[in-house]
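Since the structure comes first, as structure tokens, the remarks are kept for the end.
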Amino acid sequence: MIFTEQEKRRSAIETVAEKMMIAARTAPKARGTDNLSICMVTGEDILKLAAELEKLGKEAGLDFFLRDSACVASSEAVVLIGTANKPLGLDCGYCGFPSCAAKCSASPMTPCIFNSNDLGIAVGSAVSIAADNRVDNRVMFSAGVAASSLGMLPDCCYILAIPLSCSGKSRFFDRPAL
């Protein structure tokens, strides 16, 4: 049998996305505490994510959400990585409060720096897999906002999205300037 690249593209990208999810899961985490949730979005759910991103962009008057919506819609897969907001009990003060208990009491939605840092390390590990496999990608907080709005990772206080594509020209960097 002979298969063209186009016939194998989607499954190849989904395989890379699976490896990205593993890389994110195994990335180092503060105190060894794993507060991450990770998933892959494909098919019709990509279009739902893109539509939500477009809706949010129109509501807020954010042109880059509209631009990012087009990028997401043209993706073959999107990896979502989010974190719960669960302070680690280190009482470090990086959040602006003297202790984790004070933060949770006064401002429970203020992020724990260690949750944010762990999310960043996990995303870095994931995109390195995409780069190693020559799959075009871009980290998008905007698409993460849309994923959160849709409840795609319900236990997460914030989510970052990584749309993936394989084309002759990167959809994520060769895009219109705002």
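The values are calculated or read from the model by the stated rules, or taken from the named source; none is laboratory data. The structure presented is a predicted model; accordingly, all values stated were derived computationally and were not measured. Note: ideal-geometry Cβ built from the backbone for every residue, glycine included; neighbour counts use all protein chains shown. Protein only, heavy atoms only, side chains kept; ligands, DNA and RNA dropped before computing areas. Shrake-Rupley method; radii C 1.70, N 1.55, O 1.52, S 1.80 Å.
Details
- Surface analysis of the range 1-114 yields an accessible area of 54 Å² per residue, using protein heavy atoms and a 1.4 Å probe.
- Cut-off 15 Å between beta-carbons: net charge of the residues surrounding Ser11, Lys and Arg +1, Asp and Glu -1: -1
- Once C-alpha pairs closer than 8 Å and six or more residues apart are averaged by separation and normalised to the residue number of the range 1-133, the relative contact order reads 34 percent.
- When the solvent-accessible area of the range 107-178 is split by element, carbon and sulfur atoms take up 58 percent of it, the probe being 1.4 Å.
- Subtracting the Cα-Cα distance of Ala70 and Ala51 from their residue separation scaled by 0.36 nm leaves 5.9 nm.
- Cα gyration tensor shape of the range 97-151, rounded if a/c is under 1.5, else prolate or oblate by comparing a/b with b/c: oblate
- Longest DSSP-loop-exposure-free segment, chymotrypsin sites (Phe, Trp or Tyr not before Pro), the chain, at most 15 other Cβ within 10 Å: 4-93
- The chain: DSSP helices with Cα axial extent of at least 20 Å and average Kyte-Doolittle hydropathy no lower than 1.6: none
- Whole-number percent relative contact order across the range 79-141, with pairs defined as alpha carbons under 8 Å at least 6 apart: 29
- Computed over the chain, the alpha-carbon pair-distance distribution with 10 angstrom bins reads 10, 35, 32, 17, 5, 1, 0, each value a whole percent.
- Take the Cβ atoms of Leu150 and Ile121, set R0 to 22 Å, and the FRET efficiency comes out at 0.30.
- Accessible surface of the range 1-99, 1.4 Å probe: 54 percent of it comes from carbon and sulfur atoms.
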